[in-house]
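Notes to accompany the following structure.
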Amino acid sequence: METKRKKRLLNAVMVILILIIAACGVLAAGSIRGWFDTGTESWITSGHISGVASIERNGIGYSLQDGQGIKEGDVIETKQGSTASLQLGKSNTIVLNENTELTVTSAASDAVELSVDKGELFADIPKAGKSFVLKLDEHEAKIGDSVFSASVQTGSVTLDVYMGEDDATASDGTAETVASGERLQISKSEDGNVAASVQKLSADAMNEFAIVQAQKCDSKNELCFSAAELQKVLDDRAAEKQTALEASLNAEKITLDAAKKAEESEQKSESETEASADDLSQTGDGQSDASGSDPAENGNSVEEYTPQDNSVSQGGEDTGSDILECTIEIRCDTILDNMENLTAGKESYVPANGCILSTSTVEFEKGETVYDVLSRVCSYAGIQMEASWTPLYNSYYVEGINNLYEFDCGNESGWMYKVNGWFPNYGCSAYYLEDGDTIVWTYTCNGLGADVGGGMG
């Protein structure tokens, strides 16, 4: 009996010890991650995170979460295709672009100091406070009430100011004041020489990240560039990309067509030569066989090669060398209205305007399908696409485009296509195109297509 009591006591003690160890582990992890913060220890908190971002605290790294308190010494890093925002007090916001690393040297409300180790950020700082220092590699900027973007690349630092002004000092002591509508460029040569210059900034010189952030920041109406100017830059660039894409697509297709025709011509020529030689061998004297007998009856069969003509499709007529054209567009607008249902980490694959591929004119051959054109366009435009063959429907099924798959935005979500405004009730590789067809691939989130005009509900 006494032995049983001792065993029970020992077991109880071990359970208590295990619980204490577990509690200590939770407390330690919670302390590091800020689970028990009161909200007054840090003036800086994390905001919206798109994709994957991490935070390193006390040498321990883990995923950054929305609304997390940021402490002195924290290192924040965004991964490829990801962005993360930081809220400084109630009025100030900083957005980190992809592949950016930022160290919080000081997180006090009256003495903020941040260090951009690499990458790019956009900042809307209408109330900078008493002291706001931004370190850019070896250089430093004293931030006033301003809106700006900053970039740190190997051997080069850029500071663009869109509202207000900031004072910058290069590592060699060169001091510059950068006002609204100006760009500071600091470069360092291999021999260590530093060169700093301030130039007038144009909207054309801004990258897409900076433009998009400027369009939606709280101070957007006070910037040196109007919303119309910024949008024009985006539209012009989209048009240039579109023109280049179409030229690349169609030039490549012309090259392939030429090679194909040359190959077919060569094969036909070889077949005709072989046929002539066989005809000569049948008479034995180089003369044609005038007996009128069928060569097959003599045991000799001549099989002439006939090249396959892809310009003839399901019951269609041979168009010869006619150039056929269609347009194709890929959109996911509906996701923008259903972001709360989107699979975590997929935000970066959704363009701000919902357009993955603007309307593009593409040449095709008679006999090609919607799937053929989609596959070719995605390949040359660098757009990810995945499809699988479905024997039941004898067609390809498009599972994902631009890393957006079925069920990524709800259990009724996925890709659909329409041609000339009609949603076919069969697979895309079974739809044969005609000259002038208009193809639109669109992502549905609700009603199995009801939200894009192709549902049954």
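The numbers here are math on the coordinates, done by the rules we state, and not lab data. Not measured: the values here are computed from a predicted model. Because the Cβ atoms are built from the backbone with ideal geometry, glycine has one as well, and the counts that use them run over all protein chains shown.
Structure data summary
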item: Sorted by Cβ density within 10 Å, fewest first, the residues Lys127, Lys241; result: Lys127, Lys241
item: Per-pair calculated FRET efficiency, R0 = 56 Å: Ile18 and Ile383 via Cβ, rounded to 0.05; result: 0.60
item: Segment Arg237-Thr177, length gained on full extension (0.36 nm per residue, minus Cα span); result: 18.5 nm
item: Per-residue Cβ neighbour rank within 10 angstrom, fewest leading, Phe407, Phe364; result: Phe407, Phe364
item: Gain on full stretching of the segment that runs from Ser187 to Leu392 - 0.36 nm per residue minus C-alpha separation; result: 67.6 nm
item: Cross-link pairs beyond the 20 Å C-alpha cut-off, checked among Lys142/Lys232; Lys118/Lys241; Lys135/Lys188; result: Lys142/Lys232; Lys118/Lys241
item: Label point distance in nm, Val194-Lys79, each placed 7 Å from Cα along Cα→Cβ; result: 3.5 nm
item: Full-stretch length increase - Ser63, Thr359 - with 0.36 nm per residue and alpha-carbon distance subtracted; result: 102.8 nm
item: Proxy reagent accessibility, fewest Cβ within 10 Å first, across Val370, Val157; result: Val157, Val370
item: For the range 322-457, convex hull of alpha carbons as volume per residue, Å³; result: 103 Å³
item: Length-normalised contact order of the range 41-225 in % [C-alpha pairs under 8 Å, at least 6 apart]; result: 13 percent
item: Cleavage-rule hits, GluC sites (Glu not before Pro), the range 127-232, DSSP coil, Cβ neighbours within 10 Å at most 12; result: Glu190
item: Contact order relative to length of the range 322-457, as percent, for alpha carbon pairs under 8 angstrom and 6 or more apart; result: 31 percent
item: Scaled radius of gyration (Cα, divided by 2.2 N^0.38 Å) that the range 41-225 gives; result: 0.96
item: 16 Å cut-off, amide nitrogen to a point 7 angstrom out along Trp422 Cα→Cβ, residues in the range 357-390; result: 370
item: Amide hydrogen neighbours beyond the local backbone of Ser413, cut-off 5 Å, H modeled; result: Phe407
